[in-house]
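What follows is a set of notes on a single structure, which appears directly below.
The values are calculated or read from the model by the stated rules, or taken from the named source; none is laboratory data. None of the values given here were measured: they were computed from a predicted structure. Backbone-built Cβ (ideal geometry, glycine too); neighbour counts: all protein chains shown.
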Amino acid sequence: MKHLLATAALICAAQPALANRVFITNERSNDITVLDGESFEVIGTYPAGNRPRGIAISPDGTELYVCVSDDDLVRVFDPQTMEEMHTLPSGPDPELFVLHPSGNPLFIANEDDNIVTVVDTKTHQMLAEIPVGVEPEGMGVSPDGRVVINTSETTNMAHFIDTETYEITANVLVDSRPRFAQYTADGSKLYVTSEIGGTVSVIDPVTQQITKKISFDIPGVLPEAIQPVGARVTSDGSKLFVALGPANRVAVIDAATDEVIDYLLVGQRVWQLAFSPDEKYLYTTNGNSNDVSIIDVAANEVVRSVPVGQQPWGVVVAPD
Amino acid sequence: MFKGITGILAGACALAQPVHAQAPEPVVIRAAVLRVDDPGLPPISRLELPPEDLGFAGADLATDDNDTTGRFMGQDFQTVTVAATPDTAADSMRDLLDQDIRFIVVMADDDVTLALADQVGDRAMLINAMARGDNLRGVDCRMNTIHVAPSRAMLADGLTQFLMWKNWPRWMLIHGSHPQDQAMAEAYRRSAAKFGAEIVEEREFEDTGGARRTDSGHVQVQSQMPVFTQRAEDHDIVITADEADVFAVYLPYLTWDPRPVAGSAGLVPRSWHPAMEAWGATQFQNRFEALANRRMREADYQAWLSLRIIGEAATRTNSGDPDTLRDFILSPEFDVAGFKGQALTVRDWDHQVRQPILLTTGDLTTSVSPQEQYLHQTSQLDTLGVDRAETECRFEDPS
């Protein structure tokens with residue numbers, strides 16, 4: 001470990017910034033793999049606490065937040081040194097969270113308690129607990145930071161939460177076990193994935209109406225294996241990528257028409273996705289094959305796969 | 001493709017309206033759980049002693065879950081729980097019907113479940129959360145009943161698929177002498193024929209009565225079990241069919257030949273296990289344990305799922321009308337999530353809820369069937385149990 005840290009320190013010293021570094025939580029091996037986003041080489045592996053899952057980075061790239069589910073808190077690491085700086089209270093069993101676009105506060109889904117916890121990232125204090133549906137999981141935030149979306153897996157709703165008042169302003173019923181909520185960069189559309197329902201709901205955030213449901217059909221893959229989880233949309237709003245879980249594929253969707261245009265074969269049980277800052281690449285965590293697939297976004301092609309720790313779960317890329 | 005989606009959406013849009021929190025008067029949706037306890041002998045292992053709130057605790061959790069969603073829907077779920085004996089079950093059922101409760105979860109054995117279904121007729125929908133009888137899904141099927149409990153055929157097929165994957169096709173089958181043991185043995189015979197296993201030897205362990213507990217009873221058992229299993233045809237595994245709980249749990253480590261045990265002991269096919277953690281089940285187990293101060297048993301899971309089916313139908317239809325809910329539950333549009341990694345649906349030919357079967361040891365879930373190599377043209381879950389083409393169920397035309 002010391003050796004790894006030393007190596008990491010050297011590399012950090014040699015590079016001007018940590019831009020384009022990729023951080024992957026490994027749920028089973030309790031660590032974080034750091035990849036170089038240029039060479040795709042593993043820079044190091046660092047202890048994370050027990051059962052690391054959701055991961056996010058502050059807009060200025062100085063704080064790395066990790067939901068450490070079995071420790072019932074959020075650990076905050078220095079992305080340069082991967083030293084733990086402090087922890088944040090999260091409520092029990094935190095799984096996913098979303099950071100306000102300004103970097104503060106952090107909205108955390110607590111599956112065990114049917115609440116969303118709001119935590120100030122500067123003062124490390126809990127600001128609010130918002131009651132939501134059964135098993136809150138997916139968290140998304142509107143680009144203007146005014147609305148946070150939480151999806152509840154057993155209630156099957158996307159809850160719209162006002163980030164000023166912490167009140168729920170609307171609830172949209174979607175298909176079974178909604179896992180992830182993702183706005184387009186212009187805020188005009190909200191995508192919500194449903195793992196058991198096998199669909200992605202396209203929601204108009206203004207009217208809070210479902211305008212379309214995207215479904216998937218892959219020759220040779222059992223329909224019940226198609227389980228949409230992570231989703232990311234390019235900032236120009238042209239392409240939506242959806243991780244399909246045990247179907248071992250990422251769906252590429254034309255985000256103008258919301259029609260599926262391709263399926264890319266990745267590793268096993270693909271869970272979460274993250275773009276590189278220039279959106280040239282998309283990283284996927286493949287939980288059952290212990291690797292990360294790297295997709296060339298323009299070409300719709302998997303260009304590399306990189307072995308990481310055991311049961312990779314979440315991924316985030318440092319901003320430029 | 002687009003047309004298909006628009007069509008479905010047109011239907012769904014009515015349901016997809018944003019649901020605002022301030023509903024005026026909540027719609028009340030009532031259900032009951034009727035548990036019929038057979039005052040029989042205590043189980044061989046005291047770990048299996050039934051808690052007083054068996055099943056009811058699962059029902060309480062489902063009502064809580066339904067109400068959490070109901071807050072957003074303007075729906076209020078109310079559940080009555082009643083414990084009865086086989087002698088008082090009909091009276092208890094009449095009371096529930098007199099209260100005009102239209103959804104009744106029944107936790108009883110095969111015969112009582114069937115008698116209650118016939119008593120109810122078209123006055124309520126029954127949800128069978130305990131009885132495993134294949135006859136209840138076959139020759140004795142009833143239009144007014146759906147089956148959340150897996151059938152014996154499903155449990156046997158779940159185990160057989162795993163044993164075929166394991167390449168243990170030669171079985172010594174030991175069954176008890178009670179009717180339910182015979183029925184389970186028949187399910188294993190059918191399953192062996194379906195998947196190509198061979199029952200090389202079959203023995204009956206007769207229940208000669210007597211107490212379950214005696215001082216230092218293990219001394220005799222230790223010599224009885226090896227003797228009972230000696231000189232069998234060469235076999236890979238011992239399959240036990242002992243629903244009456246007379247002998248199976250004694251067998252592991254006491255068989256004459258060193259062979260694993262499965263069925264009623266050893267590797268056991270079940271609908272649920274308190275160590276299940278996949279597919280978000282950890283949170284579900286935690287919620288239950290916080291509520292009930294004990295671990296979740298199969299009966300609790302099955303009661304929970306029964307009431308969640310009603311709650312899911314109420315959410316999706318945005319209705320509390322019992323006829324609307326029943327029609328939706330029986331329609332091809334219905335599905336519900338049950339922490340088993342895929343949507344659970346209702347077979348239209350016998351009203352059995354399709355579901356994966358867990359294969360469990362004392363401490364863990366060893367595997368989950370269907371095993372991936374068993375494919376099916378409709379749903380892989382239909383490789384478990386009685387498929388459409390084989391069903392003996394003929395629902396009577398209600399007209």
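Remarks
- Condition met for B:G55 (small (G, A, S), in contact with a strand residue (DSSP E or B) (Cβ under 9 Å, 6 or more places away or on another chain) and within 14 Å of chain A (Cβ to nearest Cβ)): no
- Hey, B:T68 surrounded by fewer than 23 Cβ atoms within 10 Å (Cβ to Cβ) and among the hydroxyl-bearing types (S, T, Y) or not: yes
- Inside segment B:303-337, residues that are in contact with a helix residue (DSSP H, G or I) (Cβ under 7 Å, 6 or more places away or on another chain) and closer than 20 Å to B:D65 by Cβ make up a count of 20.
- Of all residues making up segment A:157-166, the number that are part of a loop (DSSP other than H, G, I, E, B) and either free of Cβ contacts under 8 Å to residues at least 24 places away in the same chain or within 19 Å of the chain's Cα centre (by Cα) (or both): 2
- Within segment A:131-155, the residues that satisfy the criterion of being outside any strand (DSSP E or B), within 14 Å of chain B (Cβ to nearest Cβ) and not hydrophobic (A, V, I, L, M, F, W, C) are A:G133, A:E135, A:E153, A:T154, A:T155.
- A count restricted to segment B:289-307 and to residues that are within 13 Å of chain A (Cβ to nearest Cβ) and surrounded by fewer than 24 Cβ atoms within 10 Å (Cβ to Cβ) stands at 3.
- Of all residues in segment A:193-231, exactly one satisfies the criterion of being more than 12 Å from chain B (Cβ to nearest Cβ), among the hydrophobic types (A, V, I, L, M, F, W, C) and crowded, with 24+ Cβ neighbours inside 10 Å, namely A:A231.
- When A:G220 is tested against (1) outside any strand (DSSP E or B); (2) modelled with pLDDT of 95 or more; (3) farther than 17 Å from A:V270 by Cα; (4) not hydrophobic (A, V, I, L, M, F, W, C), exactly one condition is not met: (2).
- Residue in segment A:174-182 that is within 19 Å of A:D144 (Cβ to Cβ), facing chain B (nearest Cβ under 10 Å) and surrounded by 24 or more Cβ atoms within 10 Å (Cβ to Cβ) present: no
- Filtered by the rule that a residue be closer than 17 Å to A:R21 by Cβ, in contact (Cβ under 8 Å) with a residue 60 or more places away in the chain and either in contact with a helix residue (DSSP H, G or I) (Cβ under 8 Å, 6 or more places away or on another chain) or not aromatic (F, W, Y) (or both), segment A:279-298 gives A:T285, A:V292, A:I294.
- In segment B:246-273, the residues that are part of a loop (DSSP other than H, G, I, E, B) and surrounded by fewer than 19 Cβ atoms within 10 Å (Cβ to Cβ): B:Y253, B:L254, B:W256, B:D257, B:P258, B:P260
- The listed residue being under 17 Å from B:T383 (Cβ atoms) and of a type in the set (D, E, K, R), out of B:R142, B:R137, B:R123: B:R137
- Scope segment B:84-101; condition outside any helix (DSSP H, G or I) and surrounded by 18 or more Cβ atoms within 10 Å (Cβ to Cβ); matching residues: B:A84, B:I101
- You will find that of A:A158, A:A243, A:A185, the residue that is more than 10 Å from chain B (Cβ to nearest Cβ), touching a Leu at 6+ places or on another chain (Cβ under 8 Å) and aliphatic (A, V, I, L, M) is A:A243 and no other.
- The requirement of being within 12 Å of chain B (Cβ to nearest Cβ) and either within 23 Å of A:M82 (Cβ to Cβ) or at pLDDT 95 or above (or both) is not satisfied by A:V308.
- Residue list for segment A:53-105, filter: more than 14 Å from chain B (Cβ to nearest Cβ), in a loop (DSSP other than H, G, I, E, B) and of a type in the set (D, E, K, R): A:D60, A:E63, A:D78, A:E83
- Here B:D348 fits the description: free of Cβ contacts under 8 Å to residues at least 60 places away in the same chain and more than 10 Å from chain A (Cβ to nearest Cβ).
- Filter pass, B:D118 being surrounded by fewer than 20 Cβ atoms within 10 Å (Cβ to Cβ) and in contact with a Pro (Cβ under 8 Å, 6 or more places away or on another chain): no
- Residue check for A:Q272: of a type in the set (S, T, N, Q) and farther than 21 Å from A:G37 by Cβ: no
- When residues in segment B:312-351 are screened for being part of a loop (DSSP other than H, G, I, E, B) and either touching a Pro at 6+ places or on another chain (Cβ under 7 Å) or closer than 23 Å to B:H273 by Cβ (or both), 7 of them pass.
- Complete set of residues in segment B:146-192 that are among the basic types (K, R) and either more than 21 Å from B:M130 (Cα to Cα) or surrounded by fewer than 18 Cβ atoms within 10 Å (Cβ to Cβ) (or both): B:K166, B:R170, B:R189, B:R190
- B:L330 being aliphatic (A, V, I, L, M), away from every other protein chain (no Cβ under 14 Å) and in contact with a strand residue (DSSP E or B) (Cβ under 7 Å, 6 or more places away or on another chain): yes
- Residue match in segment B:352-366 (condition: among the small types (G, A, S), touching a residue at least 12 places away in the same chain (Cβ under 8 Å) and outside any helix (DSSP H, G or I)): no
- Meets criteria (hydroxyl-bearing (S, T, Y), part of a strand (DSSP E or B) and more than 27 Å from A:P319 (Cβ to Cβ)) for A:T117: no
- Of the residues A:A128, A:A109, the single one that is small (G, A, S), crowded, with 24+ Cβ neighbours inside 10 Å and either assigned to a strand (DSSP E or B) or within 14 Å of chain B (Cβ to nearest Cβ) (or both) is A:A109.
- Some residue of segment B:215-222 being free of Cβ contacts under 8 Å to residues at least 60 places away in the same chain, touching a Ser or Thr at 6+ places or on another chain (Cβ under 7 Å) and not acidic (D, E): no
- Residue list for segment B:347-381, filter: aliphatic (A, V, I, L, M) and crowded, with 21+ Cβ neighbours inside 10 Å: B:V353, B:I357, B:L358, B:L359, B:L381
- Scan segment A:81-104 for residues that are over 30 Å from B:N66 (Cβ atoms) and in contact with a Leu (Cβ under 6 Å, 6 or more places away or on another chain) and the total you get is 2.
- Listed conditions (1) surrounded by fewer than 21 Cβ atoms within 10 Å (Cβ to Cβ); (2) over 20 Å from the mean Cα position of the chain (by Cα) are all met by A:T234, apart from (2).
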